[in-house]
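Here the structure is laid out as structure tokens; the discussion comes afterwards.
The values are calculated or read from the model by the stated rules, or taken from the named source; none is laboratory data. The structure presented is a predicted model; accordingly, all values stated were derived computationally and were not measured. With ideal geometry, Cβ positions are generated from the backbone for all residues, glycine too; neighbour counts draw on all protein chains shown.
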Amino acid sequence: MSDSIKLYKCYKGTCSKCLNEEDPYITEDEYKELLDADGKVQCPEGHLDCGIQELKPEDYPKPPKDNKKLFIIGGGILIVVLLIAGVVFMFSGKSKYDKAASSMKSVGNAVEVIKDSLDKPNTPDSKAADNNPIRQEVASGNKDQSMPIAKPKVEEKEGGIDKSASDILTASSLENGLQKIGDTKYSLSQRKALLPKVLSKFENSTVMVTVSMNNNKFEYFTVDKYLNRILIQGIKNISVKNETKNNAGLVNELSVNE
Amino acid sequence: MRKIAIVKVMIFFLIASLSVNAQEKQPVEKLLGAEDLKIFATNALQKTKELTKYISTITDKGIKDNEIKLEATDLAVELFVSEDNVVEVSNANRSEVIGYKIREYLNKIRVLAFTKVEITFYDVQYISEFKKGPDGKYYGVITFFQKFEGYKEGKLVYKDVTQKNIEVVIDKVTTMYGSKKVERWNVLLGNITVKETK
């Protein structure tokens with residue numbers, strides 16, 4: 001604070017003007033206006049004994065702390081520290097990084113193995129999970145009965161965060177891919193997104209698929225039609241009976257049992 | 001001696017080629033046995049149920065993907081003998097029954113003016129065994145009940161229960177799948193008629 005600027009304040013507890021907490025000070029110019037011709041203070045409150053005095057150096061108001069400036073400086077220091085730490089980590093801690101990556105990969109592989117074992121068909125669990133009333137009726141050779149048609153499930157909203165999206169794209173074998181296309185625990189859009197991946201395992205989209213039910217021939221489809229059928233019908237209990245491949249390893253004939 | 005050996009080899013190749021040719025053509029049986037008819041009867045029921053599932057998909061207002069609905073329409077049409085097969089439609093509020101070609105019918109129900117449509121099918125069963133017609137095809141009839149519920153803004157505004165009959169035909173068909181030609185008996189759906197509406 002400059003020496004040329006003086007501040008004044010009333011030290012009387014009864015002075016309402018000077019008790020104003022927001023601005024209790026009187027500037028030098030204001031103080032001069034209060035002085036009469038004799039240089040005596042004319043109390044603005046009309047008190048006989050005015051308490052306005054020049055502030056002592058220790059009573060001068062302290063400038064407010066510049067928090068914004070502090071924040072910027074602190075943030076800058078933090079960024080520099082983090083950059084240094086990053087550089088040190090990259091150059092001196094590479095072995096630790098490799099170890100961590102390796103651990104992550106192992107965990108991923110273990111998850112994949114467990115997932116594949118769960119997805120395998122013809123296990124007692126997978127058979128028990130087949131609650132499709134249509135399939136049960138046909139399997140029992142029934143001739144009647146009521147058949148509530150379940151609407152295709154759409155459990156997950158399109159465009160939302162979806163944890164199982166990555167799972168469904170890991171369809172490793174052809175059989176696994178077919179089962180996932182028909183598995184209504186995934187949303188219709190997710191299963192539809194899997195079609196090109198499974199179709200790419202075939203020589204072309206007109207490859208013939210022979211479908212049997214309970215080992216009796218049911219129908220023939222081109223593979224593109226067949227994939228759409230299992231997608232819409234929600235047929236997941238599919239086992240590959242026979243598949244032949246061309247020289248490029250692409251399937252050119254397929255027989256499945258549902 | 002050498003001539004005899006050559007003739008034997010020639011005869012072998014001739015028989016072998018005839019055998020391969022016969023396997024490729026695999027002529028279908030002229031008549032179906034009781035066991036075959038039983039399998040086809042099961043297949044026809046399955047196809048009827050697949051049709052109902054396609055209809056449920058086509059009318060499901062929750063499915064916004066029109067491509068899926070159009071694919072369901074194509075697959076449903078392929079269950080029928082031909083695109084000319086007719087589906088009869090009734091209404092609880094009028095006595096008239098109107099017939100639409102199968103694709104036209106499926107397109108109509110896809111764009112019904114309801115905010116939600118629930119179609120439930122039940123009691124799918126045969127009402128007549130397969131009988132051989134004079135044209136060599138086998139004919140049967142399946143019946144089922146269809147419960148239709150149409151909602152607007154969450155309120156049920158129309159409901160009916162209709163008993164419908166589907167003609168089922170077992171016919172010899174030849175189909176090309178890529179380069180493979182398949183000749184076989186196949187079970188297909190025919191006209192769908194209205195029996196009764198409540």
Conditions (1) modelled with pLDDT under 90; (2) within 14 Å of another protein chain (Cβ to nearest Cβ); number of the one not met by B:Pro134: (2)
Test: residue in the range B:144-161 that is buried (at least 17 other Cβ atoms within 10 Å of the Cβ), assigned to a strand (DSSP E or B), touching a helix residue (DSSP H, G or I) at 6+ places or on another chain (Cβ under 6 Å) and in contact (Cβ under 8 Å) with a residue 40 or more places away in the chain: no
Selection within the range B:167-198 - among the polar types (S, T, N, Q) and within 12 Å of chain A (Cβ to nearest Cβ): B:Thr174, B:Thr175, B:Ser179, B:Asn186
Qualifying residue in the range B:120-128 (condition: out of contact with any Lys or Arg (no Cβ under 7 Å at 6 or more places or on another chain) and at pLDDT 90 or above): no
Residues within the range B:53-62 that are crowded, with 20+ Cβ neighbours inside 10 Å and within 7 Å of another protein chain (Cβ to nearest Cβ), tallied: 5
B:Asn85 being closer than 20 Å to B:Ile166 by Cβ, at pLDDT 90 or above and among the polar types (S, T, N, Q): yes
Subset of the range B:63-106 that is within 13 Å of another protein chain (Cβ to nearest Cβ), under 17 Å from the mean Cα position of the chain (by Cα) and assigned to a loop (DSSP other than H, G, I, E, B) - its residue that is nearest to B:Asn186 (Cα to Cα): B:Leu79
Any chance B:Ala22 is within 16 Å of the chain's Cα centre (by Cα) and either in a helix (DSSP H, G or I) or modelled with pLDDT under 95 (or both): no
Residues that are surrounded by 11 or more Cβ atoms within 10 Å (Cβ to Cβ) and under 60 Å from the mean Cα position of the chain (by Cα), drawn from the range A:33-63: A:Leu55, A:Asp59, A:Tyr60, A:Pro61
Failed condition for A:Lys241, given (1) modelled with pLDDT of 90 or more; (2) within 14 Å of another protein chain (Cβ to nearest Cβ); (3) in contact with a Ser or Thr (Cβ under 7 Å, 6 or more places away or on another chain): (2)
Filtered residues of the range A:150-206 (kept if small (Gly, Ala, Ser), modelled with pLDDT under 60 and under 27 Å from A:Thr222 (Cβ atoms)): A:Ala150, A:Ala171
Lone unmet requirement of (1) surrounded by 17 or more Cβ atoms within 10 Å (Cβ to Cβ); (2) under 21 Å from A:Asp183 (Cα atoms) for A:Ser212: (1)
Residue selected from the range B:121-131 under the condition out of contact with any Leu (no Cβ under 8 Å at 6 or more places or on another chain) and closer than 30 Å to B:Asn66 by Cα, by the criterion nearest to the other protein chains (Cβ to nearest Cβ): B:Tyr122
Top-ranked residue in the range B:63-103 [being among the acidic types (Asp, Glu) and surrounded by 13 or more Cβ atoms within 10 Å (Cβ to Cβ); ranked as nearest to B:Val141 (Cα to Cα)]: B:Glu88
Test for B:Val141: is it surrounded by 14 or more Cβ atoms within 10 Å (Cβ to Cβ) and of a type in the set (Val, Ile, Thr): yes
Residue that is nearest to B:Val111 (Cα to Cα), among those in the range B:35-52 that are within 7 Å of another protein chain (Cβ to nearest Cβ) and over 10 Å from the mean Cα position of the chain (by Cα): B:Thr52
Positions within the range A:215-236 being surrounded by fewer than 21 Cβ atoms within 10 Å (Cβ to Cβ) and either among the small types (Gly, Ala, Ser) or assigned to a loop (DSSP other than H, G, I, E, B) (or both), in sequence order: A:Asn215
Residues of the range B:107-117 classified as under 24 Å from the mean Cα position of the chain (by Cα) and assigned to a loop (DSSP other than H, G, I, E, B), total: 2
Some residue of the range B:143-163 being of a type in the set (Ser, Thr, Tyr), more than 14 Å from every other protein chain (Cβ to nearest Cβ) and under 24 Å from A:Glu219 (Cα atoms): no
Residues that are touching a strand residue (DSSP E or B) at 6+ places or on another chain (Cβ under 6 Å), modelled with pLDDT of 70 or more and part of a loop (DSSP other than H, G, I, E, B), drawn from the range A:12-31: A:Pro24, A:Tyr25
Members of the range A:193-231 that are at the interface with another protein chain (Cβ under 7 Å from one of its Cβ atoms) and under 36 Å from the mean Cα position of the chain (by Cα): A:Lys225, A:Asn228, A:Arg229
Residues being out of contact with any Pro (no Cβ under 8 Å at 6 or more places or on another chain) and within 14 Å of chain A (Cβ to nearest Cβ) - total across the range B:110-120: 5
Hits in the range B:182-198 (condition: loosely packed, with under 14 Cβ neighbours inside 10 Å and more than 21 Å from B:Phe40 (Cα to Cα)): B:Glu196, B:Lys198
